[in-house]
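Asker: Mind having a look at this structure? Questions to follow.
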Amino acid sequence: MQIDLAFGRNGLSVTLPASARPVVVRKPKMAIPPDPAAAVAAALDRPMGTAPLTQLAKGARTACILICDITRPVPNALFLRPLVERLTAAGVPADGITVLVATGLHRPNLGDELAELVGDPWVLDTVRVENHYARDEAAHVHLGMTPTYGVPVGIDRRFVEADVKIATGLVEPHFMAGYSGGRKVIAPGVAHHETIRTFHSARFMEDPLATSCNLAGNPLHEAQLEILAMLHGPVLGLNTVVDEHRNLAFVSFGDIVESHGAAVAFARASCEAMVGRRFRTVVTTSAGYPLDKTYYQTVKGMVTPLGILEDGGTLIIASECSEGFGSAEFREAQQRLVALGPQAFLNTLIGKALADIDEWQTEMQLKPMRVGRIQLYAPGLGPDDRAATGVEMIDDMPAAIGAAIDRHGDGAIAVVPEGPYIVPFDRAAA
């Protein structure tokens, strides 16, 4: 039997050994709107919990539209021009509108990559399209501390001071914040580095409620909502959900909390999979392009299927890693993990008010390492990169799957072709 996995731009076809009895975990088929542009227009014209955009924007001189960076497959080309056109129709001058890439602490998206991200030359020619830089002190407004969790809040000045604030994004499971999109595009998306590093400190990261598909009591989610409340004026959200083939399946617009909640409710039906058992062998991916461009993002694919991995089992993950490893800071954290070992590495994180940049992804890697054996197929990684992963590298997926079946004496395997975009559980999700 062959199974097609999300991998790079073109996918990866893997022949399973004859001894394999696969259970394939994937999203159910979604009803795709026949006219995606009309679906976007309908959402914009009937906003949730707020007046129409053209009414809200009357008299405004500036607007800031946040978009996710290149690591998320958001259908920006479908909605950016309609947003800009409604803003200008309300009287907002085009030179007062900024599309801001919510990079968090990721690298900026420039040149051809920025054009690919925006997806519409008209937008690039009509309004400013700029990147957020979390380490640029002067670019942020400091708003104080969140009341419950004491997070220092700095947000990009272009968003804070805009008359009209809109955050757009993709709603999908997120292994710390529960679900992406909505409030997460603001913080950490356009937050100051100290805000982001507080979010990613062990105080938050080790909280058992800061996990995939959970919003109830999730300290990251609750702190993000507190940050929203610190911003002046209404904040709008445009949220999308896509199917396994990256087609638009759902779009909501309006009050950022209400519209995000509607998108999460829609996404839960397809992104949370009740499998009903655990497996000794799980085969998964880093979701293909663009998420699997780096090893840094690959860690997400290791964490999300843990709900169905038996203790002592084998997790086999495929990720192209076409850009290699990730940031220099992430590499340094991984090298510390390899040198110290998992528990000693974790001990260095406990008690830090501010996490070192990108070491949180290494902290997340500890979670699958506690459960079982991690094997990585990543042809984009060179020898030095491989040594710094801290996991077992493989060069032959079918052979590794066959060896895992033999080792565990069990041909029943779980295959999760889309990686972290679907979260399997062995029981009903909370």
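Asker: Lys/Arg Cβ at +1, Asp/Glu Cβ at -1, dipole of the chain taken about the Cα centre: which of Leu78, Pro219, Tyr377 is farthest positive-ward?
Answerer: Pro219
Asker: Would you tally the net charge around Val235, using a Cβ to Cβ cut-off of less than 9 Å, leaving Val235 out, and scoring K and R as +1, D and E as -1?
Answerer: With Lys, Arg at +1 and Asp, Glu at -1, the neighbours total +1.
Asker: Another question about this same structure. Considering only the chain, what is the antiparallel percent among its DSSP beta bridges, to the nearest 5?
Answerer: Expressed as a percentage, antiparallel bridges in the chain total about 30.
Asker: For region 1-45 and region 182-196, write down the distance between their C-alpha centroids in whole Å.
Answerer: Between the Cα centres of region 1-45 and region 182-196 lies a distance of 29 Å.
Asker: Residue-wise, which Karplus ³J(HN,Hα) couplings in Hz belong to region 406-411, taking 6.51 cos²θ - 1.76 cosθ + 1.60, θ = phi - 60°, and x for glycine or proline?
Answerer: Karplus-based 3J(HN,Hα) across region 406-411 equals 5, 5, 8, x, 8, x Hz.
Asker: Under 12 Å from the Cβ of Thr126, count the other residues' Cβ atoms, weight Lys and Arg +1, Asp and Glu -1, and hand me the total.
Answerer: Local net charge: -2.
Asker: Given the options Gly313, Gly419, Gly150, state which has the largest fluctuation in a GNM of the chain using a 10 Å cut-off (strictly under) for Cα springs.
Answerer: Maximum among the listed residues: Gly150.
Asker: Okay, next question. Provide the per-residue ³J(HN,Hα) series for region 235-246, in order, calculated from phi with Karplus coefficients 6.51, -1.76, 1.60 and θ = phi - 60°, each as a whole number of Hz, with x at glycine and proline positions.
Answerer: For region 235-246, the Karplus curve yields 10, 9, x, 10, 10, 10, 10, 10, 8, 4, 9, 6 Hz.
Asker: Let me ask something else about it. Could you check which residue among Leu56, Leu80, Leu100 shows the biggest mean-square fluctuation in a GNM of the chain with a 10 Å Cα cutoff?
Answerer: Maximum among the listed residues: Leu56.
Asker: I want the local charge near Lys58. Using Cβ-Cβ distances under 13 Å, sum +1 for each Lys or Arg and -1 for each Asp or Glu among the other residues.
Answerer: Residues near Lys58 contribute +1 overall.
Asker: For the chain, what does the relative contact order come out to in percent, with C-alpha contacts under 8 Å and a separation of six or more?
Answerer: 21
Asker: Right, here's the next one. Show me the ranking of peptides 345-354, 199-208 by mean Cβ neighbours inside 10 Å, starting with the highest.
Answerer: Listed from highest to lowest mean packing, they are 199-208, 345-354.
Asker: Pulled fully out, how much extra length does the chain show between Glu130 and Ser13, if you take 0.36 nm times their separation in residues and subtract their Cα-Cα distance? Could you put the intermediate results ahead of the total?
Answerer: On the way: separation 117, 0.36 × 117 = 42.12 nm, distance 3.78 nm.
Gain in length upon complete extension: 38.3 nm.
Asker: What do you get for GluC sites (Glu not before Pro) in region 273-339 restricted to DSSP loop and a cutoff of at most 16 other Cβ within 10 Å of the site's Cβ?
Answerer: Glu323
Asker: Amide H of Phe250: which non-local residues (sequence gap of 5 or more, or other chain) have their own amide H closer than 5 Å, using H built in the peptide plane?
Answerer: Val241
Asker: Considering only Asp395, Asp163, Asp125, give the residue with the highest GNM mean-square fluctuation for the chain, with springs between Cα atoms whenever their separation is below 10 Å.
Answerer: The residue that fluctuates most here is Asp125.
Asker: Each residue of region 216-222 in turn: what ³J(HN,Hα) in whole Hz from Karplus with 6.51, -1.76, 1.60 and θ = phi - 60°, glycine and Pro shown as x?
Answerer: Residue by residue, region 216-222 yields 5, x, 6, x, 5, 4, 5 Hz.
Asker: Please work out how much length the chain gains when fully extended from Asp112 to Ala269, using 0.36 nm per residue of separation minus the C-alpha to C-alpha distance, in nm with one decimal.
Answerer: Numbers: separation 157, 0.36 × 157 = 56.52 nm, distance 3.54 nm.
Length difference between fully extended and current span is 53.0 nm.
Asker: Shape verdict for region 44-102, please, from the Cα gyration tensor: rounded (a/c under 1.5), prolate (a/b greater than b/c) or oblate.
Answerer: Taking the square roots of the gyration eigenvalues as a ≥ b ≥ c, region 44-102 is oblate.
Asker: Are there trypsin sites (Lys or Arg not before Pro) in region 124-199 that DSSP marks as loop and that have at most 12 other Cβ atoms within 10 Å, and which are they?
Answerer: Here the trypsin sites (Lys or Arg not before Pro) that fit, given the DSSP loop and packing criteria, are Arg135.
We did not get these values from a lab; they are worked out from the coordinates using the rules stated. Source: prediction; values computed, not measured. When we count neighbours, we look across all protein chains shown, and the Cβ atoms used for this are built from the backbone with ideal geometry, even at glycine.
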